[in-house]
Amino acid sequence: MTLPRTLYAAPPTARARAEAVCAIDELAARCEGEWLSRRRAECAAMGRELEELRRDVVDLRQECALGVLAVLQKYSPDQRRVPKGNPHGGEWTTEAPVSTPVDDGSPSSKDDSEVASDVTPDNTWIPGAQYAAGWEHHFVPWATFEEYSLQPATRQVFIDATSGPLADITANRWSPEHRAYNEAVDAAFKSFLERNNIAIDETDQLTPAQAEEFVDEVFHSSDPRIRNFNMRIWREAFRYWRRSGGRGAGGDEE
Amino acid sequence: MAAKQRDGGEDAKVEAFERLRDRTHNQLKRFGQPDFRPAQSHGDYSLHGDYSGYPEVVVFVSNLRMLQPAVVAALQELIREFPGWQITMTVAVRGHCDDWPRMGLYVRPHEIIDGLQRQYFPKEYQNIEYPGARRGTAYD
């Protein structure tokens, strides 16, 4: 007669059990280690952003002080300013104006010397940075709502939800960064629809008010792909505002 | 909309951008599926919808199939109608956004700048060539 065999999930001997426990502990420690190093990297990135913001604020304070000084020394409308079109357009200068090469705006018609000034050894050159003052970031990217059937008013909420003008934040040369942002917003949008009991093929039921709610969610997202990108956006918006002298009218006014 | 705070010249550029973006999207749909469709997230490409101030439309390529010469040739055909503009194809393959270097193509009316680093690609994509293309330099 054959006795029935019972299989247990736990190993049969104490030694084997101890080994299993050790292995589990080791795996758990490794997972925790990975999680911690990811968090550290995120915190370091945020720290860098905050440091840059801090520097911007320090610069702003210095500029304010210089502005007060200029008023005290009597404002001279004849004093030279950096010409329009330059990233520092509108700022005071003591240098003589330099003639600007003719540029028809085409990507391949740049004067070499102009382009070379943006070249950095670590291949982080940003094409078009010289054009970039004043573009806006859409918090809900076009790519993530384009394929959805939406009411015109709802769509308009997404179109209108922008950062306002930015100083200079062109996509880096072949940088996939913005795609990660789009992906995160797309995931958040699908989750939002689910929470609001809106089927994926009935998105025309999404109201403008709900769209605004979603924009707000993106705005305050804690997803690092969204949050870190948006922090950069705020920094550039601040820089634009600063460059425009706090009037928000542009960074290159005369 | 981005155009609301711009002057007339900028409005025209934004309008050209939106036209080129939409036509690029239509052209790419012939060869693959866009990302972020309602029913599923993963497609073959996505388009950057913000006008950066630079005369270009950026395509994020998440499936290397979209780098086939036929696709690039179709985009070059399109960009010829937009002198002074370019289509930037940025390689953004899921799972390799961090461990592959930045790379891509600039598709311009009269030239293709090839900044692909094929050594990272699976074998079947390592020999892709574009007629008349040249390697990119820091001046591109």
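Values in this text are rule-based calculations from the coordinates and carry no lab data. Not measured: the values here are computed from a predicted model. Ideal geometry is used to build each Cβ from the backbone, glycine not excepted, and the neighbour counts take in all protein chains shown.
Karplus-derived 3J(HN,Hα) values for the stretch B:106-111, using 6.51 cos²θ - 1.76 cosθ + 1.60 with θ = phi - 60°, are 10, 9, 10, x, 10, 6 Hz; glycine and proline are entered as x.
Under 5 Å from the amide H of residue B:58 lie the amide H atoms of B:48, B:88, each residue being 5 or more positions distant or on a separate chain, with H modelled from the backbone and absent for Pro and chain starts. Applying both filters, DSSP loop and at most 11 other Cβ atoms within 10 Å, to the GluC sites (Glu not before Pro) of the stretch B:72-117 gives B:81. Calculated mean residue ellipticity at 222 nm for chain B: -8000 deg cm²/dmol, from DSSP H runs with n ≥ 4 weighted as -39500 (n - 2.57), summed, divided by the residue count and rounded to 500. Compute the acute angle (0 to 90°) between the alpha-carbon long axis of helix B:8-29 and the principal axis of greatest extent of the alpha-carbon atoms of chain B; round to the nearest 10°. The angle comes out near 30 degrees. The mean count of C-beta atoms from other chains within 10 Å of the C-beta of residues in B:105-114, rounded to a whole number, is 2.
Shielding of peptide B:52-64 by partners, expressed as the average count of other chain Cβ atoms within 10 Å per residue Cβ, is 6. With R₀ fixed at 25 Å, the C-beta to C-beta distance from residue A:149 to residue B:129 puts the FRET efficiency at about 0.05.
As an exercise, use a Förster radius of 51 Å and the Cβ-Cβ distance of residue A:52 and residue A:14 to find the FRET efficiency, rounded to the nearest 0.05.
On the way: r = 57 Å, r/R0 = 1.12.
The calculated FRET efficiency here is 0.35.
Is there a simple number for the mean count of other chain Cβ atoms within 10 Å of the Cβ of residues in A:138-147, and what is it?
Numbers: counts 5, 0, 1, 6, 10, 13, 5, 3, 9, 10.
Average neighbour count from other chains, rounded to a whole number: 6.
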